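Taken together, the values in this text are just the output of simple stated rules run on the coordinates, not laboratory data. Note that this is a predicted model, so its numbers are computed, not measured. Every residue, glycine as well, gets a Cβ built from its backbone with ideal geometry; the counts of neighbours run over all protein chains shown.
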Amino acid sequence: MDTAEALPYPPWNPGGELGLALRTAADALERNGLRPTGTHRLTDMTRHQRAALGALLGCGMVRPQVLLDLEVLDAIFRGKYHLAGGVVEACELALGRPLVAA
């Protein structure tokens, strides 16, 4: 997928700033058989991307490099945003396509 392609913007993804995090999560989920496990490094995040991820996680992001924990994201999307499919559903909504286990 072309990283410059515009993503739809659900309420929890203002301005599409979570695109990098959700694409990274989607790639990992597809490799993991759609199981939200493990941590994955995000690098070279912009200030706006860090702010959006920090708002989602409920903490500040200072460094341009963070570890993305799929279990934490899954719990946030299920609990705070009431997405029954958790992080898988969030990725599918943001990317506009179903995720497929590798």
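Remarks
- Considering the stretch 62-77, and only residues there that are free of Cβ contacts under 8 Å to residues at least 40 places away in the same chain and within 13 Å of the chain's Cα centre (by Cα), the residue that is farthest from residue 36 (Cα to Cα) turns out to be 66.
- The conditions of being within 14 Å of residue 17 (Cβ to Cβ) and in contact with a Pro (Cβ under 8 Å, 6 or more places away or on another chain) are not met by residue 61.
- Consider the stretch 25-47 and keep the residues that are out of contact with any helix residue (DSSP H, G or I) (no Cβ under 7 Å at 6 or more places or on another chain) and within 19 Å of residue 95 (Cα to Cα). The one that is surrounded by the fewest Cβ atoms within 10 Å (Cβ to Cβ) is 33.
- Here residue 89 clears all of (1) surrounded by 15 or more Cβ atoms within 10 Å (Cβ to Cβ); (2) acidic (Asp, Glu); (3) more than 20 Å from residue 15 (Cα to Cα) except the condition numbered (3).
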